[in-house]
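**Q** Take this structure, written in structure tokens, and hold onto it; I'll ask about it next.
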Amino acid sequence: MTRLNLTRRTALMAGATLPFAAALPAPARAAAEMKGAAMPGFHRFKLGEFEVTTLLVGSRPMEKPQETFGLNATPEDFAALAQANFLPADMSQNFFTPTLVNTGAELVLFDTGLAPEGITGALAAAGYTPDQVDVVVLTHMHGDHIGGLAGEAGATFANARYVTGSIEHNHWAAAGNEGFDAKVKPLSDKMTMLEDGGSVAAGITALAAFGHSPGHMAYHLESGGKRLAITADTVNHYVFSMQRPDWEVRFDMDKAMGAETRKKMLGMIAADRIPFIGYHMPFPAVGFVEAQGEGFRFVPASYQLML
């Protein structure tokens, strides 16, 4: 039998605390209001001598994701892939993530989100103002990439020059597109046109990634021996478009070319084992690519880019 060693001091202390504890009111439960789901608005890391910041300018749920990410898949196959990846088959979450790169000489912004207030708010959260942006790179001309260029107050980036692919610009200039005509066309005199392999700035090179749009561009960054790909909308979903790159995406204007570009780009990133940023990847939108079966697997970055 265990003998309790109860000294006079401990007995007195126990006797003193018991009535006090018994008199305490029951603890308050849920005294604070619910705050709702939230996530940070920016994510920053070093890439050699560059500093890279991803900016979350919006996120929203999407019903019936197969109608966007798996047009040529059977409902059974789509549901099975969703379940295997712990996802619902009837709902997805979309993210909109421009990228800011400080090269040490220039502040370069890739894409501008859906509206001026979104990109200016994200910049402010990350510690920047729109007038600090030196270069705005437009990967392509879809509304969720050009929407932040201008609003009722005029051009958002007062001191910037603009860069985009020539094929992309020329297509939309002739298309009579309302968004392009309102947001991009007034800036054409400040626009530099690039071809595949063209340079935005030292260490930032354009990569043709056609299919999602006629002249859609991705970009390769290299600084201090470190590399990164900015893939824009080459890949639209981290599961459905990566594990099944042949699945057609509703917003790909040339669906066959979009699939071929996905396989080529993801194959390169996987083979070179470099990180990438995808505009619609789950925020902070940074990860790696692993070849897997008939497609690829998204591996979210953890602490690799902190080292």
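**Q** Taking the alpha-carbon centroid of each part, what is the distance from segment 270-307 to segment 172-236 in angstrom?
**A** A separation of 21 Å, based on Cα centres.
**Q** Also: Which entry in (i) 46, 26, 21; (ii) 37, 20, 19; (iii) 24, 23, 20 matches semi-axes √(5λ) of the Cα gyration tensor in Å derived from the coordinates of this structure?
**A** For semi-axes √(5λ) of the Cα gyration tensor in Å, the calculated option is (i).
**Q** Explain nothing, just the number: relative contact order of the chain, from Cα pairs under 8 Å at least 6 residues apart, as a whole percent.
**A** 16 percent
**Q** Percent of Cα-Cα pairs more than 22 Å apart in segment 169-307, please. Please report the intermediate quantities before stating the final value.
**A** Working: 3998 of 9591 pairs.
Here the tail beyond 22 Å accounts for 42 percent of pairs.
**Q** On to the next question. Which one, S59, T261, G36, projects farthest toward the positive side of the charge dipole computed for the chain from Cβ point charges (K/R +1, D/E -1)?
**A** The Cα lying farthest towards the positive end belongs to G36.
**Q** Now, a different point. Can you tell me which of 35-43, 121-129 comes out highest on packing, and rank the rest after it, using the mean Cβ neighbours within 10 Å?
**A** 121-129, 35-43
**Q** Something else about it: Of the DSSP beta bridges with both residues in the chain, give the percent that are antiparallel, rounding to the nearest 5.
**A** Values: 42 of 56 bridges.
About 75 percent, rounded to the nearest 5.
**Q** Counting only residues 5 or more places away or on other chains, whose amide H sits under 5 Å from the amide H of I277 once H atoms are built in the peptide plane?
**A** So I277 has HN proximity to A229, I230, T231.
**Q** Here is a follow-up. With charges only on Cβ, +1 for K and R and -1 for D and E, what is the dipole size of the chain about its Cα centre, in debye, rounded to 20?
**A** 1820 debye
**Q** Sorting M306, M265, M217, M62 on the 10 Å Cβ count, fewest up front, what's the list?
**A** Fewest-to-most ranking of M306, M265, M217, M62: M306, M62, M265, M217.
**Q** Something else now. Tell me, what HN-Hα J-couplings in whole Hz come from the Karplus equation 6.51 cos²θ - 1.76 cosθ + 1.60 at θ = phi - 60° for each residue of segment 129-146, using x for Gly and Pro?
**A** Calculated HN-Hα couplings, in order: 10, x, 6, 7, 6, 8, 9, 10, 9, 9, 5, 6, 9, 5, x, 7, 10, 10 Hz.
**Q** Given only helices, namely DSSP H runs of n ≥ 4 each adding -39500 (n - 2.57), what is the per-residue ellipticity at 222 nm of the chain, to the nearest 500 deg cm²/dmol? Write down the numbers at each step before the final one.
**A** Values: 8 runs with 77 residues, N = 307.
Theoretical 222 nm ellipticity from helices: -7500 deg cm²/dmol.
**Q** Rounded to the nearest 20 Debye, what is the dipole magnitude of segment 205-254 about its Cα centre when Lys and Arg each give +1 and Asp and Glu each give -1 at the C-beta?
**A** I would put it at about 240 debye.
**Q** Right, another one. Hey, can you rank 225-236, 99-110 by average C-beta count inside 10 Å, highest first?
**A** Highest-to-lowest ranking by the protection proxy: 225-236, 99-110.
**Q** Please sort through the DSSP H helices of the chain and keep those with an alpha-carbon extent of at least 20 Å along the long axis and a Kyte-Doolittle average not below -0.5.
**A** TM-like helix candidates: 8-23, 255-272.
Rule-based calculations on the coordinates, nothing more; no lab input. As the structure is a computational prediction, the values presented were derived from the model and not from experiment. So basically every Cβ, Gly included, is an ideal-geometry build from the backbone, and we count neighbours across all protein chains shown.
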